[in-house]
Amino acid sequence: MSGGEAWRGNITARLYERVRERGYESLTAFANARPAVSLVALAEELGPDDVAGVQVLSALLYEAEQHKQVTRFVRDVLARMLTQSLPDGWPSVLDDENRFAVAKALGRWIAYTPETHKGRAKRVGDALLANPPPAGWRPLGPDDELLRTLLADEES
C-alpha cells in the first residue's frame, strides 16, 4: 500500500463494499473464512492499494463490540499475530531469535487489544511464556482449545 490511499474517502463504506463484493455480510464473516490469516493479508485481499490492516482491525473490533464477542475477537487477533510471527508454530527452544519472534507477536497483540481486555491479555502472554505450548503449536483460529482455556469468553 502506498500513497495514503487507504485514508482517503469513506473508509467504512469501502471496507463493507469490498466485503459484500466477495459475498459476505460482515467483515467478521470474511475474516472467519480466513482464520489465522494476518490482518495485513486480509487488507491486501480487500484492496492492496487502499485498505490498511489497522482499518480491518478497527472494523472487526467494532463488529465484535456490537455482538458482544470482544473476547473472541481478542483470541482471533492473537491467532493471527502468532501465525504471522511464528509460521512454523511455537518454537521448541526459546533462543534469542525465537524469543524475539514470540515477544513481537505478543507485544503487537497486547497493543491491539482493547483496554477492557489488556490485563487478561498480559496474563495470557505471561502464561504462554511460563508454560510454553508444545513445539509446533499454532492456533488455527479463535476457537483453538488452548486459547479458549487461556482466554475464556466472559461476555453476556
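Gly136: among the small types (Gly, Ala, Ser), loosely packed, with under 13 Cβ neighbours inside 10 Å and either closer than 17 Å to Gln69 by Cβ or touching a residue at least 24 places away in the same chain (Cβ under 8 Å) (or both), yes or no?
In short, yes.
Answer yes or no: is there a residue in the range 95-110 that is over 23 Å from Leu60 (Cα atoms), modelled with pLDDT under 95, surrounded by fewer than 20 Cβ atoms within 10 Å (Cβ to Cβ) and among the hydrophobic types (A, V, I, L, M, F, W, C).
No: the range 95-110 contains no residue that is over 23 Å from Leu60 (Cα atoms), modelled with pLDDT under 95, surrounded by fewer than 20 Cβ atoms within 10 Å (Cβ to Cβ) and among the hydrophobic types (A, V, I, L, M, F, W, C).
Could you list all residues from the range 55-79 that are in a helix (DSSP H, G or I) and over 25 Å from Leu128 (Cβ atoms)?
Correct list: Gln55, Ser58, Ala59, Tyr62, Glu63, Glu65, Gln66.
Can you tell me which residue among Phe100, Phe73 is free of Cβ contacts under 8 Å to residues at least 40 places away in the same chain, aromatic (Phe, Trp, Tyr) and out of contact with any Pro (no Cβ under 6 Å at 6 or more places or on another chain)?
Phe100
With the checklist (1) free of Cβ contacts under 8 Å to residues at least 24 places away in the same chain; (2) touching a helix residue (DSSP H, G or I) at 6+ places or on another chain (Cβ under 8 Å); (3) open to solvent by 70 Å² or more (accessible area, probe 1.4 Å) in hand, flag the one item Tyr62 doesn't pass.
Of everything listed in (1) free of Cβ contacts under 8 Å to residues at least 24 places away in the same chain; (2) touching a helix residue (DSSP H, G or I) at 6+ places or on another chain (Cβ under 8 Å); (3) open to solvent by 70 Å² or more (accessible area, probe 1.4 Å), Tyr62 misses just condition (2).
The values are calculated or read from the model by the stated rules, or taken from the named source; none is laboratory data. No experiment lies behind these values; they were computed from the predicted model shown. Don't worry about glycine lacking a Cβ; one is built from the backbone with ideal geometry, like all the others, and counts go over all protein chains shown. These accessible areas exclude ligands, DNA and RNA; they are computed on the full protein's heavy atoms, side chains included. Shrake-Rupley method; radii C 1.70, N 1.55, O 1.52, S 1.80 Å.
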